[in-house]
Amino acid sequence: MPHGWPGVIEHYAQWLPVSDATPRITLLEGNTPLIPSETLAGRLGEGVRLYFKYEGVNPTCSFKDRGMTMAVSKAAEEGAACTICASTGNTSAAAAAYSARAGIESVVLIPDGYVALGKLAQALAYGARTIAIDGDFDDCLTLVRAISDSYPVALVNSLNPYRLQGQKTAAFEVCDRLGRAPEYHALPVGNAGNITAYWMGYCEYHEAGVIESLPAMLGFQAAGACPIVRGEVCEKPETVATAIRIGNPARWQEASAALRESGGRIEAVTDDEILEAYRELSSEEGIFCEPASAASWAGLKLLAAEGFFDGVECTVVATLTGHGLKDPDMAVKMALEPEKAPNELGAVVEMLGLG
Ligand SMILES: *Cc1c(COP(=O)(O)O)cnc(C)c1O
């Protein structure tokens, strides 16, 4: 890379359905850090090496940028004048940013009152036509599907096959960094596109002989929105982890296949477990992610509690899907009030117990 990281399409072009004619609509997404755990890994088991794939440092601060660079590049190649998506927030932020980059209009439908403040701010700042629907994510998705079926707008939800193509590059990066596949890959599951995309990426590297083994995929849903765990559509999904507040995942079948083929597991974690994990990641590991992302760590702890990692030597990668600043309300709600002090050296020194 003589001129630095070129973004996921250019870097992984040979693995993606692109040609020289495909414009590269990129904000140099990808190449995110694989951060070794310093303190939390030990809680899983003595033989566990744990890494966090920190997707919060992408250009719009979530992994959705990997899929959106592909979806919008293909939409631009096909001459689309407008993109549309339904979103719990991060897809709309990415769609709005990449559409702006391409000079294409964007429309985003979001569930009114259930999108974290940072994500809403992004969609508006990038200039998307932002419409809050009196319904949940699944209702928004039904609407955008109907609109894109009948009108000339490009659907960039994860039903768009190019989204998964872009997202699979995160699995490539993990393997390129480790020199192999991990034994386990943990991630939060909402619409189930990302777990499907990672599995696709690992399988492609495996078939090409780049890696010799495949990981078991570990998916975690919020207990109030866990249709795949229960095996039935969740009519009224509820969770503080708004990015995975989805009752009828679009990629349900594909995710089930990934879980089955990889010998993986899918489990539910409660909101309390998610918020505890969220706080541990930031205060003990120094990695600030949004609540949905923390489902990865919450789920790994759940498995550890049942002895899953006992006596096992293994490498575990947990994807942290989005940045903590996406949801500033939650961050402030979880923290204590800042302490107040007068503007006086003596008072502050005394407060800190240093005097
Ligand atoms: C989209 C998203 C998820 C869920 O990914 P799916 O592909 O819908 O399963 C998890 N966390 C964050 C932060 C997201 O934006």
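The values are calculated or read from the model by the stated rules, or taken from the named source; none is laboratory data. This structure is a prediction, so every number in the text was calculated from the model and none was measured. Cβ sites come from the backbone with ideal geometry, for glycine too, and all protein chains shown count toward neighbours.
Overview of values
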{"quantity": "Test: residue in the stretch 182-190 that is surrounded by fewer than 24 Cβ atoms within 10 Å (Cβ to Cβ) and under 18 Å from the mean Cα position of the chain (by Cα)", "calculated": "no"}
{"quantity": "Matching option when the condition is under 21 Å from Y114 (Cβ atoms) and at pLDDT 95 or above, among V233, V240", "calculated": "V233"}
{"quantity": "Which listed residue is more than 16 Å from the ligand (Cβ to nearest atom), in contact (Cβ under 8 Å) with a residue 40 or more places away in the chain and in contact with a Phe, Trp or Tyr (Cβ under 6 Å, 6 or more places away or on another chain), from L40, L44", "calculated": "L44"}
{"quantity": "Single match in E232, E173 (criterion: within 21 Å of H323 (Cα to Cα) and either away from the ligand (no atom under 14 Å from the Cβ) or among the β-branched types (V, I, T) (or both))", "calculated": "E173"}
{"quantity": "Qualifying positions in the stretch 71-84 - part of a helix (DSSP H, G or I) and of a type in the set (A, V, I, L, M)", "calculated": "A71, V72, A75, A76"}
{"quantity": "Enumeration of residues in the stretch 178-190 that are under 25 Å from Q14 (Cα atoms), outside any helix (DSSP H, G or I) and either aliphatic (A, V, I, L, M) or away from the ligand (no atom under 16 Å from the Cβ) (or both)", "calculated": "G179, R180, A181, P182"}
{"quantity": "All positions within the stretch 57-70 that are in a helix (DSSP H, G or I), within 12 Å of the ligand (Cβ to nearest atom) and either at pLDDT below 95 or over 8 Å from the mean Cα position of the chain (by Cα) (or both)", "calculated": "D65, R66, G67, M68"}
{"quantity": "Per-region count, the stretch 276-307, residues out of contact with any Leu (no Cβ under 6 Å at 6 or more places or on another chain), in a helix (DSSP H, G or I), more than 16 Å from the ligand (Cβ to nearest atom) and not charged (D, E, K, R)", "calculated": "4"}
{"quantity": "Residue check, T88 under 18 Å from L164 (Cβ atoms) and either touching a residue at least 24 places away in the same chain (Cβ under 8 Å) or not in a helix (DSSP H, G or I) (or both)", "calculated": "yes"}
{"quantity": "Residue that is farthest from the ligand (Cβ to nearest atom), among those in the stretch 241-275 that are within 21 Å of V332 (Cα to Cα) and surrounded by fewer than 20 Cβ atoms within 10 Å (Cβ to Cβ)", "calculated": "D272"}
{"quantity": "Flag for S99 being polar (S, T, N, Q), part of a helix (DSSP H, G or I), without any contact (Cβ under 8 Å) to a residue 60 or more places away in the chain and within 21 Å of P6 (Cα to Cα)", "calculated": "yes"}
{"quantity": "Members of the stretch 215-233 that are more than 15 Å from R265 (Cβ to Cβ) and over 21 Å from the mean Cα position of the chain (by Cα)", "calculated": "E232, V233"}
{"quantity": "Failed condition for Y98, given (1) buried (at least 18 other Cβ atoms within 10 Å of the Cβ); (2) closer than 22 Å to V189 by Cα; (3) not small (G, A, S)", "calculated": "(2)"}
{"quantity": "Exclusive hit being in a helix (DSSP H, G or I), buried (at least 24 other Cβ atoms within 10 Å of the Cβ) and not charged (D, E, K, R), set L164, L143", "calculated": "L164"}
{"quantity": "Residue pairs meeting the criteria (Cβ under 7 Å; at least 6 apart or on separate chains; first over 14 Å from G224 (Cα atoms) and among the hydroxyl-bearing types (S, T, Y), in the stretch 244-271; second within 13 Å of the ligand (Cβ to nearest atom) and modelled with pLDDT of 95 or more)", "calculated": "S256/I228; S262/W199; S262/M217"}
